[in-house]
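Right, one structure below, let's go through it.
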Amino acid sequence: MSVAVQTQEADAAVERQTMEIDIACVGFGPAMGGFLTTLTNAWGENPADPAFESRVAPGLPLQVLCYERADDLASGVSGVVTRGKAIRASFPSLVPAEIPMATEVQRERVLYLLDPIGASRRSATLRLGDAVLRSACSLLGVKDHAFELPWTPAFLQKHGGLVLSIGQFNQWVASQVMASGFAQIWPGTPVAAPLLEGCAVKGVRLADQGVDKQGVPADGFMPGMDVHALLTVLGDGPVGALGQQLDERLGLPAGHAHREWALGMKFVLELPPHTPEDSPLQPGTVWHTFGYPEPEIFGFLYVHPDRLVSVGIFVPSWMSDPARTAYRYLQHYIQHPALWRHLKETTLRSWGAKSLEESGLRGEPFLTGDGFARIGEGSGSTNMLTGSGVDEAWSTGVQLSEAVVELLRTGKPFTHENLAATYEARRRSSEVQRRASEAQNARNGFHGGVVRGLIGMALAGLTGGRLSLGAHIPPTDKQIHPGNTTDDLSQQAAAMLAMDDGRPLHDALMSARGWPEIPFDGRLLVSHQDALLLGGKVQAMPGFADHVVFRDTGLCISCNEKTCIAMCSGQAITLGPDSLPAFEREKCIHCGACLWNCAHAPAGTQSNIQFRAGSGGLHSAEN
Amino acid sequence: MKPILVLTHADESGSALTKASLEAVTAGKDLAQQLSAPLVIGVIAVHAVAAASALAATEARILSVTGEAFAQARYASDAAACEALCRAADSALVLAPGSSRFARIAAGVAHRLGGVIDTHITALGGSSTVEATRWFYRQRVEGVFHREASPWFLLLEPGTQTAFTGTPGTVQVESVAVELPAPRTYVTGVRAASQGQQTIRPDAKLLLVAGAGWTKKQPDGQVHATEAGQLILGFLGNSGASLGSSKSLVDQGGEGQPVLPFLTHMNQIGQTGSTPRHAKGLSTCCHGEEPHVVGWRFIGDRRAISLDPNCGWTRGKADVVYIADAFQVIAKVNELLSVNKP
Amino acid sequence: MSTTYQIVVCAGIVPDPLQSLEPVTGPNGPGLKNEMVLPAVLDPWAASALYEAAHLAAKLPGSKLWLVSLGPKAKLQQVMMTIAQKVAFELVPIDGPIGGFTDAHATAAALADAIAALPGLDRTRLLLFGGWESASRGAGITLQLVGERLGITDQFQGVDQIDVREDGSFEVLERVEGGKHQVSTCAGAPAVLGWATGCLAEPRNNPQVGMANMRTLMPALQKAKPATLAANGLQYVDVHLPSQQRTTRVERDMTPEDIARELVAWIGAE
């Protein structure tokens, strides 16, 4: 008898449908794309190959079902630049023009952005450096308050790689997979829990439908089905419910922890039709920036075909300030003179955000066990030195798929031992692993300050990881330092002020800090809520329980930082009565930032916020 | 050059051509002149001679299929009639009104003659060849095209041409014999989908569109569906407007939510509803999202009342948008209109 | 009731109505920008036909239901996963091009061939269902052409209701001008019914039903026969997006009284 681990106590009396399948896949992202593409291609070589006959439904082809919580496979909003080696290996005749918004990387720049406003929280060292740059601006080529590095460090270079929209790429990959009729991909289908027998995974339980916000059965109650699978592939990303539950159940390998995060937030902008031909924003252009709007915030600008530009920032967990207000920071970022010169006439087309697991190898969970394997970002594949994760995630999917095909062909079951010998072995000997090892300590320095961090990163990058700085990395809740605000305004006071004013918390905090108000123009600079409506729309299918749950409300009431509210990408968490955060599922874009933006984790937990399985999220047609 | 054939049919009286048929006659005359081709008009009517009298001024050759069997609009008899007319006329280009009667059969007739057909034609152009214009993707994309195949049937969208209004007179009508299969279908009548003025009426100058906001919770936290219904019906009575609705409001009935009992899917405007033609349209309690607004393609002046200052209507989809509570505004409008009915 | 039917529903797939559409012209004529990655849905009218067919088949035990759909295989699977959650049917997929600019005559030929080849088809019990319009090409002719090709001469368009009688005959309500329904009785199958919205609410999605149904649909998808569609002399001269932008006057601060006065004057003006 297998047991579903569920955060909501499962009602033993509930009768659930069951289904027997061969492979259950959770989360459709680049890793699962790599897995399913490779598996489908292997099957396509000879669909009559008995290795691909279903073990659970003899006579039928292998039953492979993939479950995705988003309401559509194109709803992930994330522009990326990737070296694309593994992706190209899977699609040897890939023509980027066939994928909307895809193009080859043509030119790269790295810019250090000075603070043109004076509101940025800069250390004395940094201010000194800035002063030097400003005083010698003509000599050093400082223009528009930006200093361009004379070269792009090799570890950052993506030349010959791809600029992609992950949403469009996912759609494209899914359509290739589904054209075969081999694997099913089910959007709008959140997976609530793994079915466990001891430490073996026996399949997954789908989320209950027809329940109220608390998960109590209501009209049209439909208990989530138990899907029994011989192999469960976890690719549900860094904040996926299944991955989290397995980590809780199995723990992490010794010395591993999920302590380094960032929120990536981006706009998709459309350049005006009269953009001159000599504009530097030609398709394939890639800019990496650092230094502004805060020294800890890295930024990017990628130019897609058809006059579309992705521009965004990463707000890291090691930015100790509790006012992690990504949306407003992003608005200040695009107004930096070095960007604004080219972007001021653009139109906001879409917007989105996502959490990135930046622990790399240090956050790697157990990759395999009896009946399961983990791939993609949630398996620690993201490389934080090169700032890339898509191609790495894809690679892990390909590696698992090759392993699965080997096991199918040799008739071996999906045991821990067999999966370790095939999948883990492939992964350990791969380039992904080699580069991850180089990157392992690259960002340590940032926990001792930005300048130290940059030095550490350069050391690791230039020596292939042989040299790096050591660091003690505290848990995420301990990385938030309430004492860092530069004025006397407490978060709580700002929150009250925001409530009185009817403004979002992040706005109040930033204005209190001396950041100028945003001159809304209804086209490019729009309010946070308008951005939600403009490009993407939040989908929240009725009948699912709230997926953001506050464990100990007492802790929330006494919390002064309220970082979860400030950081919430969709303003889905607001300050409710009695100083309690209130969650509105209808506004949540599933970025998962609340999970690691809590300053008061109860003992033994990562956060006072639970991020469970939920349906929907941002649905953008133009991502 | 082969003649141009215009297919027409009579209205319920059996002795007068429908307005849409006369619109097709105008298009046929223009086209015949443009291409210097002879014009033939086919008439399907119980009393074909009477019906054809309106065509005296066209100076066209008139063919007819006549008899009681053609009082009924049904596939087997109408298709046979049109097939016979087409064969008698031997035309390479056939125009017909896009009425429900001809829309039912024209494709089948084209197939029987080895020809091709295009429908919902809103304009005919070109010089030496004919170029037809129509909408694709529910009034979202407009296309102009030409066909090499023959005969080419073109079903004209009603309301896109001026109806022919030449002086009536006696015309010579050539009767065409039709062999009918044994009938399996009988028309037993016509039923109004909903009562009185709560239907879409093409002749109304004004279209009132009710959106889902009418049955949503109002500022007092309550649903006021009864009051909403009274306000809407009051407005229709006072203004003579035709009533349309958004899909979301019509769908609420199926979801067990408060409904306006006089609304059915027949009232639905938009992507999955109709695209009526009216000089003016007033939207109330509706977001003005694209799938809905495509149903407004042929509405002239557009005004909207919405509580949402960011609704779709404000983004270039209406001429005037009033950010206001429709309950209050329509109540006032009704007061004023009841004193002074237009 | 002893009547049983073999119902074949012809249903195309169309872009999700929430998507922005932009026409582009390629080497094979006009199409939509990013057509293959636009999320697709079952055509709304055809979907009504399918739900009505499923309802009818359930009422008349022993009846059979096929869904014949022409579209790119990848898109078909995506759409079928949603549809399979609502109703059970046997799928006959035809792997062909998507889009509203393909020729309806060619589509009809491919559909008719596929229907004629259905194993066990009894044409005397055949009801051919589909939508009377579509959200892509929207010509409203494909179904009639399929019917003609199959030799069916009792056809109804804009159908909102069918009532089957004891003797196998049925009454049909068709939409006609003026918001009215024409009522007809037909002696029975074979017949073609092009549906408007019908009378049924859309069945709820049940993913669990869908996953079970997909088990039989997937092998059918894998075997989808490819079809190339002839142009039948169709040549596009121009395809464009009409300008939809109006200059909107937004009145934020008028009182209901002032708005009412302005509206009354507007309604009365010629």
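The values are calculated or read from the model by the stated rules, or taken from the named source; none is laboratory data. In this text the structure is predicted, and so the values were computed from the model without any measurement. We place every Cβ from the backbone using ideal geometry, glycine too, and count neighbours over all the protein chains shown. The area values use the complete protein model at the heavy-atom level, side chains included, leaving out ligands, DNA and RNA. Shrake-Rupley method; radii C 1.70, N 1.55, O 1.52, S 1.80 Å.
So the values come out like this:
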quantity: Approximate shape of chain A as ellipsoid semi-axes (Cα gyration tensor, √5λ), whole Å, largest first; calculated: 38, 29, 23
quantity: Carbon + sulfur, % of accessible area of chain A - ligands and nucleic acids excluded, 1.4 Å; calculated: 55
quantity: Alpha carbon convex hull of the protein assembly as shown, projected area averaged over orientations, nm²; calculated: 48.8
quantity: Protein accessible area in region B:196-339, 1.4 Å probe - carbon and sulfur %; calculated: 54
quantity: Computed Kirkwood radius, in angstrom, where 1/r is averaged over Cα pairs of region C:6-226; calculated: 17.6
quantity: Members of region B:99-114 that become less accessible by 30 Å² or more once partner protein chains are added (1.4 angstrom probe, chain alone as reference); calculated: B:Ser100, B:Arg104, B:Ala107, B:His111, B:Arg112
quantity: Value at 222 nm in deg cm²/dmol, rounded to 500, when DSSP H runs of n ≥ 4 in chain B each add -39,500 (n - 2.57); calculated: -8000 deg cm²/dmol
quantity: Helix-only CD estimate at 222 nm, as mean residue ellipticity for chain A, using -39500 (n - 2.57) per DSSP H run (n ≥ 4); calculated: -7500 deg cm²/dmol
quantity: Two-site label geometry, C:Ala187 and A:Trp340: point separation in nm, points 7 Å out along Cα→Cβ; calculated: 8.1
quantity: Karplus-derived HN-Hα couplings along region A:519-527 (A = 6.51, B = -1.76, C = 1.60, θ = phi - 60°), whole Hz, x at Gly and Pro; calculated: x, 4, 10, x, 10, 10, 9, 10, 5
quantity: Cleavage-rule hits (trypsin sites (Lys or Arg not before Pro)) in region A:516-595: DSSP loop, at most 14 neighbouring Cβ within 10 angstrom; calculated: A:Arg523
quantity: Area hidden from solvent between C and A (accessible, protein heavy atoms only, 1.4 Å, total, Å²); calculated: 2700
quantity: Scattering curve values for region C:1-110, log₁₀ I(q)/I(0), Debye with Cα scatterers, q = 0.14, 0.15, 0.23 Å⁻¹; calculated: -0.60, -0.67, -1.30
quantity: Rounded accessible area per residue of chain B, 1.4 Å, Å²; calculated: 37
quantity: Residues of chain A: accessible area per residue with a 1.4 Å probe, Å²; calculated: 35
quantity: Of C:Ile115, C:Ile152, C:Ile259, the one that fluctuates the most in a GNM where chain C has Cα springs shorter than 10 Å; calculated: C:Ile259
quantity: Compactness of chain B - radius of gyration and Dmax, Cα, Å; calculated: 22.9, 72
quantity: Cα-centred dipole magnitude for region A:47-164, charges only on beta-carbon of K, R (+1) and D, E (-1), debye, nearest 20; calculated: 640
quantity: Longest DSSP-loop-exposure-free segment, chymotrypsin sites (Phe, Trp or Tyr not before Pro), chain A, at most 14 other Cβ within 10 Å; calculated: A:152-519
quantity: Cα-only Debye scattering, region B:212-298: base-10 log of I(q)/I(0) at q = 0.25 Å⁻¹; calculated: -1.42
quantity: Selection from A:Leu65, A:Phe169, A:Phe221, by position along the positive dipole direction of the protein assembly as shown (Cβ); calculated: A:Phe169
quantity: Positive-pole candidate from B:Ser36, B:Val259, B:Ala48, dipole of chain B, charges at beta carbon; calculated: B:Val259
quantity: Residue with peak Gaussian network fluctuation, chain B [Cα springs, cutoff 10 Å], from B:Val109, B:Val25, B:Val141; calculated: B:Val141
quantity: Cross-link table A:Lys143/A:Lys478; A:Lys85/A:Lys202; B:Lys2/C:Lys225; B:Lys216/C:Lys59; A:Lys478/A:Lys587, entries beyond 32 Å C-alpha to C-alpha; calculated: A:Lys143/A:Lys478; A:Lys85/A:Lys202; B:Lys2/C:Lys225; B:Lys216/C:Lys59
quantity: Sulfur and carbon atoms: percent of accessible area, region B:4-175 [1.4 Å]; calculated: 49
quantity: Interface burial for C against B (accessible surface, 1.4 Å probe, total of both chains, Å², rounded to 100); calculated: 7600
quantity: Solvent-accessible area lost in complex, 20 Å² minimum, residues of region B:144-185 relative to chain alone, 1.4 Å; calculated: B:Val144, B:Phe145, B:His146, B:Arg147, B:Glu148, B:Arg184, B:Thr185
quantity: Most fluctuating residue given options C:Gly151, C:Gly210, C:Gly96, as computed from a GNM of chain C linking Cα atoms under 10 Å; calculated: C:Gly151
quantity: Debye equation applied to the C-alpha atoms of region C:138-268, log10 I(q)/I(0) at 0.12, 0.13 Å⁻¹; calculated: -0.93, -0.99
quantity: Size-normalised alpha-carbon gyration radius of region B:4-175, reference 2.2 N^0.38 Å; calculated: 0.95
quantity: Between 0 and 90°, nearest 10: helix B:225-239 axis offset from chain B longest Cα axis; calculated: 50
quantity: Too-long pairs where the Cα-Cα distance tops 28 Å, listed order kept, from B:Lys280/C:Lys180; B:Lys19/B:Lys280; A:Lys354/B:Lys317; A:Lys213/B:Lys317; B:Lys19/B:Lys332; B:Lys247/C:Lys180; calculated: A:Lys354/B:Lys317; A:Lys213/B:Lys317; B:Lys19/B:Lys332
quantity: Debye, to nearest 20: dipole size of chain B, +1 on Lys, Arg Cβ, -1 on Asp, Glu Cβ; calculated: 220
quantity: DSSP-assigned coil residues among GluC sites (Glu not before Pro) in region A:333-420, each with at most 16 further Cβ atoms within 10 Å; calculated: A:Glu345
quantity: Net dipole in debye of the protein assembly as shown [+1 Lys, Arg Cβ; -1 Asp, Glu Cβ; about Cα centre; nearest 20]; calculated: 1300
quantity: Pairwise FRET efficiency - A:Ser279 versus A:His472, Cβ, R0 = 45 Å, nearest 0.05; calculated: 0.45
quantity: Of C:Met214, C:Leu60, C:Pro23, farthest towards positive along the dipole that unit charges on Lys, Arg, Asp, Glu beta carbons give region C:6-226; calculated: C:Met214
